[in-house]
Structures are given as C-alpha cells and as structure tokens.
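Just below is one structure, and these are the notes that go with it.
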Amino acid sequence: MNKHFSEKQQGKILFRIIIVSLAFIIAAVIGCGKDPKKTTTTFTNKLTIGTGMNGFDLIGEGTTFSLAATGGNLYFRFENSSDFNGQTARIQTFYAGGGPYGGTADKDVAAVNGHIVVSGFRITNTGSYQVQGSSVPVGGGSQTQIATVDITMGP
C-alpha cells in the first residue's frame, strides 16, 4: 500500500474503507426501508363525466353539458375502490325517468391493479340522465353497480 504507514495501520485503513463501502451498498440495496415505487393511493367508488380526456384525467368535468358544444360526445372516468381485477367496466345511460337510453359502453380492464377506466360515450338528445357504472365478471354474470351520476344535456 503505502510506505508511510505500517502494515497494521494499512490494515486498519483498508478495513474502514471496506466497512464504509459495505454500509453504502447495504443502504442503496435496502433503500433505507423505503420503496419509491410503492404508493399509498386510495381509490373510491366514483363516476365522473367530462367533455374530453387527457390520460386518466377528464377535461371539462361537470354534470351539465351542451349538445351544441360537445356534439353529444362525453367522456367518463370510472373509479373502483376494490380493483376491477380483470372484470369488465360497464357504463349504462338511463333517462331520468328510468328507461334505458342507448346501449352500454363495456370496457375490459385487463390490468391486475386496474382501479380506473377512462373512455367515451354519446348522448345526442337533450334531457336529464343517470349514468351508471358497474363491474361485470369476465364471461358474464350479474353486474355489481358501483357508482352513479346524474347529468343534464342542454341544447
């Protein structure tokens, strides 16, 4: 090593360097007990409607919309507190009086941790509606209603 230090001093210096290096390596591997990828996000049962979407966010979120401004195109963000777990997210629209309006919008949620679905649907008549979000088992079965929202489509 070095002529200026005795073999005993050199051994002590080398030992300290090894110990400090091991401490840095262990701290880097363990990450001081924290996993930076792990989040504690809490999901709720929620259905929101908007006039556009950007990733998992809605643009123009609300409950009253204009047919002239939207052209009948609306977007939903459907959140499930307990994970869709590969099931189908179903959006159904009903007239305020209870009868069905149009068809359903089914979206398969293939993600293992899929709590959120964002997509679009259409309402091309003015009036008051209830939009329902449900979860349907893969291959069919009874749906479980998760969230609803009342909306109005004006002229």
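Which of (1) touching a residue at least 24 places away in the same chain (Cβ under 8 Å); (2) in a strand (DSSP E or B) does residue 125 not meet, given it meets every other one? With respect to (1) touching a residue at least 24 places away in the same chain (Cβ under 8 Å); (2) in a strand (DSSP E or B), residue 125 is out only on (2). Select from the stretch 76-124 the residues that are of a type in the set (S, T, N, Q) and out of contact with any strand residue (DSSP E or B) (no Cβ under 7 Å at 6 or more places or on another chain) and list them in ascending order. The answer is 81, 82, 85, 113, 124. Of all the residues in the stretch 64-118, those that are farther than 19 Å from residue 150 by Cβ, over 25 Å from the mean Cα position of the chain (by Cα) and part of a loop (DSSP other than H, G, I, E, B) number 1.
Whether any residue in the stretch 62-85 is charged (D, E, K, R), under 19 Å from residue 48 (Cα atoms) and out of contact with any Leu (no Cβ under 9 Å at 6 or more places or on another chain) is what I want to check. Yes: the stretch 62-85 contains one or more residues that are charged (D, E, K, R), under 19 Å from residue 48 (Cα atoms) and out of contact with any Leu (no Cβ under 9 Å at 6 or more places or on another chain). Scanning the stretch 43-69 for residues that are surrounded by 15 or more Cβ atoms within 10 Å (Cβ to Cβ), in contact (Cβ under 8 Å) with a residue 40 or more places away in the chain and not aromatic (Phe, Trp, Tyr) yields 45, 46, 47, 48, 49, 53, 58, 67.
Here, each number is a calculation from the coordinates, and none is a lab measurement. If you're wondering where the values come from, they're calculated on a predicted model, not measured in any experiment. As a convention, Cβ positions derive from the backbone with ideal geometry for all residues, glycine included, and neighbour counts pool all protein chains shown.
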